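Report on the following structure.
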Amino acid sequence: MQATAQAHSNIAFIKYWGNADDALRLPANPSISMNLAGVTTTTTVVWDSALQTDSLSINDAPADEKATQRVAQHLEAIRKRLKLDLKAAVTSGNNFPMGAGIASSASSFAALTVAAVAAAGATLTERELSSIARLGSGSASRSIPAGYVEWCTGMSHDESVAYTIAPADHWSLVDVIGVISTGHKEVGSREGHGTAITSDFQAARVASAPARLAQCKEALFGKDFAKFAAVVEHDSNLMHAVMMTSRPPLFYWQPASLLLMEQVRRWRAEGLNVCYTLDAGPNVHCLTTAEHADEIEARVRALEGVQSVIRAAVGGGAAVVG
Ligand code: DP6
């Protein structure tokens, strides 16, 4: 009983930060993202009656206890749903650096969910795959559907799902990621979601998130880059303001991140379509349009402090590949 699935990472335009329900990972606010074409996790799941425990290998090496536990917990949720009584061997590989603000948990738990369900010979709806993926990692719910995706908060496990709001070819946005550091971050998003509420700003950020979501959708549907840039940068700044004012505080920006953010604002003032957004890491996602992507990539590469650049167009949904 074996299957292999592939899923893309995604970058949020309107961020998920903080949970209304930690156990179910019901988010405090809705979010919007695009999948990143070519930035993938490929995962094989083998359900096997000869296995005594679940096992996990990542990028050809046995995973540590913490990662293995998190995957075993997710497999447990899938076993329950499918009424399955087998352990699994999971083999996973990313084609991008882990733990540096390029969401590896999103593509990992999306690929794991799709592979585990397919390996069991079951067929679930995209909606259900998305809600199951959410239990493993919130942003993984958004890596199940294709293209531009919205994840609604929902009041229950079944309701909190992500769905496509526009296909990948609706608007040719490109994410040019300025990689500032590939080191593992000290505090991951999982712990960060838990402390978000300790910031005085979190309640205000959450209360105004639906309005930003609506503005972002309007900009996206109307392909209005100026409007898009304003709301995306504002939303990223708000999330980082919450992070920096949580107790204990979380500082993800590095000097080179700030330098790149400043350049992005200058380049936009020059007339280029570009805006920034940062996740729980120092890397700067420079969102641009296909017509300006070469120019932006060259400029990002030339900046001091940028180690490398990853470039991704809008990607498809998670799928079984073998
Ligand atoms: C800053 O989905 O990685 O990237 O559910 O604990 O795995 P867990 O958190 P995760 O959080 C993502 C936070 C973010 C913003 C976003 O992608 O919306």
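The values are calculated or read from the model by the stated rules, or taken from the named source; none is laboratory data. In this text, all values refer to a predicted model and were calculated from it rather than measured experimentally. Cβ placement follows ideal geometry from the backbone for every residue including glycine, while neighbour counts extend to all protein chains displayed.
Restricting attention to region 15-31, does a residue exist that is within 16 Å of the ligand (Cβ to nearest atom) and over 20 Å from Glu191 (Cα atoms)? No, because not a single residue in region 15-31 is within 16 Å of the ligand (Cβ to nearest atom) and over 20 Å from Glu191 (Cα atoms).
Considering the conditions (1) under 24 Å from Gly315 (Cβ atoms); (2) within 12 Å of the ligand (Cβ to nearest atom); (3) surrounded by fewer than 20 Cβ atoms within 10 Å (Cβ to Cβ); (4) small (Gly, Ala, Ser), Ala37 is excluded by exactly one of them, (2).
With respect to (1) touching a residue at least 60 places away in the same chain (Cβ under 8 Å); (2) within 19 Å of the chain's Cα centre (by Cα), the lone exception for Gln202 is condition (2). For region 10-24, the criterion of being in contact with a Pro (Cβ under 6 Å, 6 or more places away or on another chain) and not in a strand (DSSP E or B) is satisfied by at least one residue.
Taken together, the criteria exclude Cys216 from residues that are more than 16 Å from Ile11 (Cβ to Cβ) and either surrounded by fewer than 21 Cβ atoms within 10 Å (Cβ to Cβ) or within 16 Å of the ligand (Cβ to nearest atom) (or both).
Restricting attention to region 281-316, the residues that are surrounded by fewer than 24 Cβ atoms within 10 Å (Cβ to Cβ), out of contact with any His (no Cβ under 8 Å at 6 or more places or on another chain) and in a loop (DSSP other than H, G, I, E, B) add up to 5.
Quick check: is even one residue across region 214-226 in a helix (DSSP H, G or I), within 26 Å of Arg301 (Cα to Cα) and touching a Ser or Thr at 6+ places or on another chain (Cβ under 8 Å)? For region 214-226, residues in a helix (DSSP H, G or I), within 26 Å of Arg301 (Cα to Cα) and touching a Ser or Thr at 6+ places or on another chain (Cβ under 8 Å): present.
Exactly one residue out of Arg265, Arg205, Arg247 is on the phi < 0 side of the Ramachandran plot and in a loop (DSSP other than H, G, I, E, B), and it is Arg247.
Considering the conditions (1) within 16 Å of the ligand (Cβ to nearest atom); (2) modelled with pLDDT of 95 or more; (3) buried (at least 20 other Cβ atoms within 10 Å of the Cβ), Ala77 is excluded by exactly one of them, (3). Within the option set Ser257, Ser246, being among the hydroxyl-bearing types (Ser, Thr, Tyr) and either in contact with an Asp or Glu (Cβ under 8 Å, 6 or more places away or on another chain) or closer than 21 Å to Gly138 by Cβ (or both) holds for one residue only, Ser246.
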